[in-house]
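Below is one structure, written out as structure tokens; comments come after it.
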Amino acid sequence: MSPMIDDVLGMPDQLRDALWRIETARLEPAESAGLMVCGMGGSAIGGELAAGVHGDRLTKPLITIRGYELPSWATPEWTVLCSSYSGNTEETLACFEAAEALGARRLVVSTGGRLVERAREAGVPVVGLPGIFQPRVAVAYMFVAAAEVAALAGIAPGIRTEIDAAGDFLQAQAEPLRARAAEVAETLAGAPTVIYGCDLTTAVAHRWKTQINENAKVLAFYSELPEADHNEICGWSGGSGADGIAAVFLEDCDQHPRERRRFELTAAAVAAEAAAVVRLETVGENRVERLLWATLLGDLVSLELAERRGVDPEGIEAIERLKEGMAG
């Protein structure tokens, strides 16, 4: 197994360290019209996970911006959190400048690079991160930063206590999670996979997709119920060529009864054509525990798939080649 496994299983300690780093950054509360989390890849997923864990407890919008520009309707009353593990992500740097032009409140979470240099020059608060991980492994830091800034911006309740407790919960779940991940990877067998989520698990499904892409070097996609039942389900019908594709259904133990029924019926419909179908139900006493449990499981599944395929999960040559092309 790749050495990355130790960093992935270190999520409990990373959650605690992230809370400490937010506290020591001494960020000031400021009522906002909403929160935009600007980032790409693993640096952006924290915003989606934070929005997912809050669900209908959000009192104002929490959105993730993946690109070079802020929405045309953005106003100075918004808070903009620029999230880039390396600090050199060009899209995030562009959003940092756009937020300055807008006059919005800016915050930065990063290990360094040009983003931190510009933030220091402009007097923008920075939450510093340890520069010892692959960027996608720092998901705990990005999630905590987005969740804590959302509370400071007055758009969501604080969940610091739940995050801290979730660390202990995940630590106790480490071995069961590893065993479950091995079972799921064996069932998927490296097939292209669609991961389905709903409500709490939608952002988690997105995280599964990206981790399987980067770590296992396998095509994966994510989709959301109930929307997929109004279109995508037809793509699984007979003769569509879907027999080589697997499906994973990430169900929440506290989901709406009608959502539960949709998962059951959709999984049954897909099973007739899919290479494999896996149904998983979250574990945990609250939304924070369940979301992080499912996130960690997906990370472990991606490493198990990489191991079975004999590929290096840390290598991202395709991304590096594209970056070189963009720099040319």
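The values are calculated or read from the model by the stated rules, or taken from the named source; none is laboratory data. What you are looking at is a predicted structure, and each value in this text was computed from that prediction instead of being measured. Here the Cβ positions follow ideal geometry from the backbone for every residue, glycine too, while neighbour counts run over all protein chains shown. Just so you know, the surface numbers come from the protein's heavy atoms only, side chains and all, with ligands and any DNA or RNA stripped out. Shrake-Rupley method; radii C 1.70, N 1.55, O 1.52, S 1.80 Å.
Among the candidates 321, 290, which residue alone is assigned to a helix (DSSP H, G or I), in contact with a Cys (Cβ under 9 Å, 6 or more places away or on another chain) and not hydrophobic (A, V, I, L, M, F, W, C)?
Within the list 321, 290, the selection yields 290.
Please specify each residue of segment 270-302 satisfying the condition of being of a type in the set (A, V, I, L, M, F, W, C) and open to solvent by 10 Å² or more (accessible area, probe 1.4 Å).
Initial filter on segment 270-302 (of a type in the set (A, V, I, L, M, F, W, C)): 270-272, 274-278, 280, 283, 288, 291-294, 296-297, 300-301.
Correct list: 271, 272, 274, 275, 276, 277, 278, 283, 293.
Look through 203, 242 and report the one residue that is modelled with pLDDT under 95 and of a type in the set (A, V, I, L, M).
Just one listed residue meets the conditions, 242.
Being open to solvent by 40 Å² or more (accessible area, probe 1.4 Å), modelled with pLDDT under 95 and in a helix (DSSP H, G or I) narrows it down to one of 56, 13, so name that one.
Being open to solvent by 40 Å² or more (accessible area, probe 1.4 Å), modelled with pLDDT under 95 and in a helix (DSSP H, G or I) holds for just one of 56, 13, which is 56.
Mind checking which pairs have a first residue in segment 233-257 that is open to solvent by less than 40 Å² (accessible area, probe 1.4 Å) and assigned to a loop (DSSP other than H, G, I, E, B) and a second that is modelled with pLDDT of 95 or more and hydroxyl-bearing (Ser, Thr, Tyr), Cβ under 6 Å, 6 or more apart or different chains?
252/201; 252/282
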